[in-house]
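Heads up: the structure comes next, in structure tokens.
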């Protein structure tokens, strides 16, 4: 949030009072007007300072009860909310690898992690509410905004929440198209990621690559985007009359469906078609094939989460972080 200089000075002073113990955890603050009068500032400046501290999780606010110093100020526990399927589905192992790296990273900063799994039932909701109300959690990290995750987090705003960073979709598409144009393919099929998170950005990367190539001579065919294997299967089925010479796929699950459908259709891989797909470092999305991959490193994801979390807790503006892919050339 944007905070003007007077509010910033007040926020720093109140932050120091909270961290030093002069304002104890659970202490009720005077009204905004009373605080403004006591500090010789405008009500607007005080409102700005209190909102800033609330966003960082140092204060809790209730319309009926007032403003209180958060109980969790001294907590060293970071909650991680993730669907159980993110730990058990082999196609989603990037999240498990990220958790491994994240655990090491937060421990070096003096924190520890506690997992909350929406798929484990209502007990998880009660456990999360209990731990938040008791001040046991300093912040929350959300690894994927799934329906179960959304239900678990609904109405809970006591602590800062940090979301898993997105891949740099424009760069991912740019690298993929540039690679395929250099191979002088004539027809490229493009399957962008889920429309809600990456299709428009993906298109921007494609347009950048084409502009640098002077428009290029390849014919591009766009297929519906998505993050499920059915997305890739549908693309192959709908392109039977004029199959592309190459594919650029923005999601690894879509690529699994695409490769499976190509093999069922009798396409020889490698050999008959070029394929560039998003993947995650350390995870072969189709083990028998050495695919050309746009890899995302789970270690980079963990470091990005920590950087965002540190900024939120320190009161500085969280960095805008996307995960940059690396092009790894394979047989396809």
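The values are calculated or read from the model by the stated rules, or taken from the named source; none is laboratory data. Values in this document were obtained by computation on a predicted structure and should not be read as measured data. Cβ coordinates were reconstructed from backbone atoms using ideal geometry, including for glycine residues, and neighbour counts include every protein chain displayed.
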Which condition number does residue 144 fail, the rest of (1) part of a loop (DSSP other than H, G, I, E, B); (2) in contact (Cβ under 8 Å) with a residue 40 or more places away in the chain; (3) touching a strand residue (DSSP E or B) at 6+ places or on another chain (Cβ under 8 Å); (4) within 27 Å of residue 206 (Cα to Cα) being met?
-> (3)
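Would you check if residue 141 is under 30 Å from residue 330 (Cα atoms) and surrounded by 19 or more Cβ atoms within 10 Å (Cβ to Cβ)?
Details: under 30 Å from residue 330 (Cα atoms): no; surrounded by 19 or more Cβ atoms within 10 Å (Cβ to Cβ): yes.
Here the answer is no, as residue 141 does not meet what is asked.
Each row is one residue, and each column tells you yes or no for (1) modelled with pLDDT under 75; (2) surrounded by 12 or more Cβ atoms within 10 Å (Cβ to Cβ); (3) in contact with a strand residue (DSSP E or B) (Cβ under 9 Å, 6 or more places away or on another chain); (4) not assigned by TED's automatic domain parsing to the domain that holds residue 160.
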residue	(1), (2), (3), (4)
16	no, no, no, yes
19	yes, yes, no, yes
23	no, yes, yes, yes
27	no, yes, yes, yes
40	no, no, no, yes
53	no, yes, yes, yes
61	no, yes, yes, yes
May I ask you to verify whether residue 117 is touching a helix residue (DSSP H, G or I) at 6+ places or on another chain (Cβ under 7 Å), buried (at least 17 other Cβ atoms within 10 Å of the Cβ) and in the same structural domain as residue 88 (by TED's automatic domain parsing)?
-> yes
What are the residues in the range 245-272 that are farther than 23 Å from residue 209 by Cβ and assigned to a loop (DSSP other than H, G, I, E, B), if any?
-> 265, 266, 267, 268, 269, 271, 272
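Matching residues to (1) farther than 26 Å from residue 295 by Cα; (2) modelled with pLDDT under 80:
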residue	(1), (2)
103	no, no
114	yes, no
123	yes, yes
126	yes, no
129	yes, no
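Is it true that residue 265 is surrounded by fewer than 20 Cβ atoms within 10 Å (Cβ to Cβ), more than 26 Å from the chain's Cα centre (by Cα) and closer than 24 Å to residue 202 by Cα? Outline the logic, then answer.
On the way: surrounded by fewer than 20 Cβ atoms within 10 Å (Cβ to Cβ): yes; more than 26 Å from the chain's Cα centre (by Cα): yes; closer than 24 Å to residue 202 by Cα: no.
In short, no.
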Look through the range 86-108, keep the residues that are in contact (Cβ under 8 Å) with a residue 40 or more places away in the chain and more than 16 Å from residue 141 (Cβ to Cβ), and return whichever of them is nearest to the chain's Cα centre (by Cα).
-> 93
Sort out which residues of the range 161-219 are at pLDDT below 90, in a strand (DSSP E or B) and crowded, with 17+ Cβ neighbours inside 10 Å, and write them in order of number.
-> 161, 162, 167
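I need a count of the residues in the range 282-331 that are assigned to a helix (DSSP H, G or I) and touching a strand residue (DSSP E or B) at 6+ places or on another chain (Cβ under 7 Å).
Filtering the range 282-331 for residues assigned to a helix (DSSP H, G or I) gives 298-314.
Next, only the ones that are touching a strand residue (DSSP E or B) at 6+ places or on another chain (Cβ under 7 Å) stay: 298, 300-301, 304-305, 308-309, 312-313.
The qualifying residues number 9.
Among the listed residues 323, 309, which satisfies the condition of being in contact (Cβ under 8 Å) with a residue 40 or more places away in the chain, surrounded by fewer than 24 Cβ atoms within 10 Å (Cβ to Cβ) and not assigned by TED's automatic domain parsing to the domain that holds residue 218? So that I can check it myself, show each step before the final result.
Working: 309 fails: surrounded by fewer than 24 Cβ atoms within 10 Å (Cβ to Cβ).
Sole residue among the options that is in contact (Cβ under 8 Å) with a residue 40 or more places away in the chain, surrounded by fewer than 24 Cβ atoms within 10 Å (Cβ to Cβ) and not assigned by TED's automatic domain parsing to the domain that holds residue 218: 323.
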Answer yes or no: is there a residue in the range 42-50 that is closer than 30 Å to residue 150 by Cβ, surrounded by 19 or more Cβ atoms within 10 Å (Cβ to Cβ) and under 27 Å from the mean Cα position of the chain (by Cα).
-> no
